[in-house]
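Below is one structure, written out as structure tokens; comments come after it.
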Amino acid sequence: MLNLGTDEIIKYPFLAEAKAYLKDKGFTLEQFVNDPDHKFIIDIAYDRIKYAANGEIYPSIYKNNINKSSLLPREIFSFIIAVVLLKMSHANILIKKFALSEARRAEKYLEKDLEAKIDIHSDNIREQLEYKVNQQELAIKIIKELFSVDIHKNHDDHFIITVPDYLRHAIHFHELEWKLVNRYVHHGFVFLTPHETVRLLRRKIDQYISSRIHSVEVTSIKHSLQNYINNIIVMAQKFVVPASTSTEYPPCIKHALDVLKNGKNLSHSGRFLLATFLLGHNKSITEIVSLFKNAPDYNERTTLYQINHLAGLSGSRTKYNCPSCQKIKIHNLCFATSECNNITNPFQFKSNNEPR
Amino acid sequence: MNQDSLLILEDTFKKYYFDNFDLLHVPNDSHEREFAYKKFNSKLYRHIALKSDKELHLLLMTQVPSDVYCSNARYSFPTLSMNAKDWQNADLIFDIDSKDLQLQCRNSHTCIKCLDCNAFSTSNSKCHKCNSHRFKVIVLLCKYCIAAAKKEAKKLCILLINNLGINKQNIFVYFSGNDGFHIHVNDSQYQLLGSRERADIVDYITLRDGSTINNNNRPEIKNSTKLKYNQTRIGVVSNNTEIKNTSSVIKTNVKTVEKNTQYVIKSIIDPNVTTDIHRIFRLPGSINSKSGMSKVLCKNLNLFDPLYDACFIDDCPTQILASCPIRFRLKDKKFGPFENERITVPKYVAIYMICKGLAEISQL
């Protein structure tokens, strides 16, 4: 079991058992709702949600050397209240965005803890070294206990992870740099920098924070929070994508659309499949971009750039084609039905209503 | 294949199995494995359970299979259909096949049998008699191909031990019974990996998708990592004596190092075999009906010679009608070429040629 100090709870607020933590510190939810002195925390919580909705990371003012008691309300309670507000609003799409934003924030701290740089010009190098070792050990422990991944510190500034563990996570990346062939591998271990270690675990961190948020139980809506809740519901509506009712799409495309509609994360290959298929069906770039609005990591600029790239309007000017059914199967994105009728590319799909 | 040829194959295989029960065992965890077998001129029988060596030996005697297989995977219910088997894990297996090595000698021991006029020819593109493009390719055993496949197997083993951290005791090299080697990795932390993870291991071993690291995008530490990476792989080669003066290679600039390592450090394996986590593999000890030789464990790969160590059939004189346009060597004796000739050869040669489709039993 992890024994966490204030530092860690501030950096990784999702580790705290929300209700127990409030109780332990002598607070109740009612206090935040009714006490005007604590209203600012609800405002910070609301801001925290806004940052997440905009795809940004909540800017923390946490530093090792500042007074932690003053940080507790801002850093921890605002997280807990934000979760409560989101759960009361039933805004699933914002819960996903919030989880993703908090995961990115946690990543930054984990990376910093693994790096634990020291100032060699400082007088207290010994203290700094001790601190560095503690921070690294704790970060390694957090990674082991929360994400069940064993990493070890190597004698240089690298971290090592077994090849099988590495592969289980690295296969989710499509960039070549994550392929084992482009890694330094020795005696069954892959060598990673602190940044790469944390980046490798991104999916695990996302999943963990999401599950923690989903496990929080909220029983009744406090009347005085109604305004915040209404605003959050309005905020969530911006991300609602008009449901596609077309029956002419093959099951793999319907599946990809469903995943996005439910605000879930569609894999890189799934996104590539959907975008190239729709581009091939003469859908406009704007129409396609709007479908991705619901993706938990949606960023309009990036999405627009990527769709333009696939359409051959930027970069190498190569227009990408929809992948074959065989490739789709390899990526576990094939949900073939009898209607598919042994086609080899989703483009050949004709629904039962169409003449064959 | 005529009836007499079929009979001699069945008799010979049955005798081999009866005489060599000690070579044929089910794995320790046989209750979790799927077994399969094929009979001569028949279909493949799959989803079979064999719980003990006794059950295996009984099957060999009653069914006289031409080929016997066992899954690399372990299942909760190995006898159910693929979807219902409930996959648990699978041994990591690599296949090194001489045909993938693209050696220059290949043409000299390959011939074709026309499917239209049954003529044999040394051409590899069309029948020399009727110009048909429908033919069966027949490849005969070649010591150069086996030596090259051995070299690949050795490089692979060193990569598995030094780089992937697999315990030497868990690596088993088998002669496949025909034209290459199967390398089985049992009891390792790699067993639980799925197909995609194994595909990445294949790319690592074959150096596929190896990108040139862009120094502008990466901190300096990567430069040293890169050098270390190459050194490790060069080390692999130096153990294998391919590059003798390793240190001089390291002293050259990084580009040269990359060039050299690209050439020497990869091992050529069949990617489809390693990535398939539901595959059935020839059971060690069983005969390969493509050659009449057995799949056997190579206890000492350097000394292993398939012509002696995997050929268990006796040399009783046997009369066959042979057609083989190329000369080949078995157990230090040269045979062929034959042009529809009635000849008497040792039984192991007769079985080899019948299995290859180059001969039939000839009744006077």
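Quick notes on this structure:
- Near pairs, Cβ below 7 angstrom, 6+ apart or cross-chain, from segment A:182-195 (more than 7 Å from chain B (Cβ to nearest Cβ) and in contact (Cβ under 8 Å) with a residue 12 or more places away in the chain) to any residue that is assigned to a strand (DSSP E or B) and surrounded by 19 or more Cβ atoms within 10 Å (Cβ to Cβ): A:Arg183/A:Val190; A:Val190/A:Ile160; A:Val190/A:Ile161; A:Leu192/A:Phe159; A:Leu192/A:Ile161; A:Pro194/A:Phe159
- Matching entry among B:Ile269, B:Ile277 (being touching a Leu at 6+ places or on another chain (Cβ under 7 Å), surrounded by 19 or more Cβ atoms within 10 Å (Cβ to Cβ) and among the hydrophobic types (A, V, I, L, M, F, W, C)): B:Ile269
- Members of segment B:165-198 that are assigned to a helix (DSSP H, G or I) and more than 9 Å from chain A (Cβ to nearest Cβ): B:Lys168, B:Gln169, B:Asn170
- Qualifying positions in segment A:251-267 - modelled with pLDDT of 85 or more and in a helix (DSSP H, G or I): A:Pro251, A:Cys252, A:Ile253, A:Lys254, A:His255, A:Ala256, A:Leu257, A:Asp258, A:Val259, A:Leu260
- Counting only strands (runs of 3 or more DSSP E) that fall entirely inside segment B:80-162 and contain at least 1 residues that are buried (at least 16 other Cβ atoms within 10 Å of the Cβ), in contact (Cβ under 8 Å) with a residue 12 or more places away in the chain and small (Gly, Ala, Ser), the qualifying elements are B:87-90.
- Screening segment A:109-205 for strands (runs of 3 or more DSSP E) wholly inside it with 3 or more residues that are under 26 Å from A:Leu15 (Cα atoms) returns the ranges A:151-153, A:159-162.
- Residue that is farthest from A:Gly5 (Cα to Cα), among those in segment A:24-43 that are of a type in the set (Val, Ile, Thr) and part of a helix (DSSP H, G or I): A:Val33
- Subset of segment A:129-161 (residues that are within 10 Å of chain B (Cβ to nearest Cβ) and either farther than 29 Å from A:Asp7 by Cβ or surrounded by fewer than 17 Cβ atoms within 10 Å (Cβ to Cβ) (or both)): A:Asp156, A:Asp157
- Segment B:350-361 residues that are on the phi > 0 side of the Ramachandran plot, paired with ones that are surrounded by 24 or more Cβ atoms within 10 Å (Cβ to Cβ) (beta carbon under 6 Å, 6 or more apart): none
Table: residues versus (1) assigned to a helix (DSSP H, G or I); (2) in contact with a strand residue (DSSP E or B) (Cβ under 7 Å, 6 or more places away or on another chain); (3) not aromatic (Phe, Trp, Tyr).
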position: B:Leu7; (1), (2), (3): yes, no, yes
position: B:His25; (1), (2), (3): no, no, yes
position: B:Tyr45; (1), (2), (3): no, yes, no
position: B:Glu55; (1), (2), (3): yes, no, yes
position: B:Arg74; (1), (2), (3): no, yes, yes
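Conditions (1) at pLDDT 95 or above; (2) small (Gly, Ala, Ser); (3) within 21 Å of the chain's Cα centre (by Cα); (4) closer than 19 Å to B:Cys355 by Cβ, marked per residue:
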{"site": "B:Met1", "(1), (2), (3), (4)": "no, no, no, yes"}
{"site": "B:Glu10", "(1), (2), (3), (4)": "yes, no, no, yes"}
{"site": "B:Phe13", "(1), (2), (3), (4)": "yes, no, yes, yes"}
{"site": "B:Tyr17", "(1), (2), (3), (4)": "yes, no, yes, yes"}
{"site": "B:Asn41", "(1), (2), (3), (4)": "no, no, no, yes"}
{"site": "B:Leu44", "(1), (2), (3), (4)": "yes, no, yes, yes"}
{"site": "B:Leu59", "(1), (2), (3), (4)": "yes, no, no, no"}
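- In segment B:122-133, the condition of being closer than 30 Å to B:Ile112 by Cα, under 21 Å from the mean Cα position of the chain (by Cα) and either away from chain A (no Cβ under 14 Å) or not charged (D, E, K, R) (or both) is met by no residue.
- Any hit, segment A:256-269, residues being outside the structural domain of A:Lys97 (by TED's automatic domain parsing), surrounded by fewer than 18 Cβ atoms within 10 Å (Cβ to Cβ), in contact (Cβ under 8 Å) with a residue 12 or more places away in the chain and over 22 Å from A:His174 (Cβ atoms): yes
The values are calculated or read from the model by the stated rules, or taken from the named source; none is laboratory data. Remember, it's a predicted structure, so these values are computed and weren't measured experimentally. Ideal geometry is used to build each Cβ from the backbone, glycine not excepted, and the neighbour counts take in all protein chains shown.
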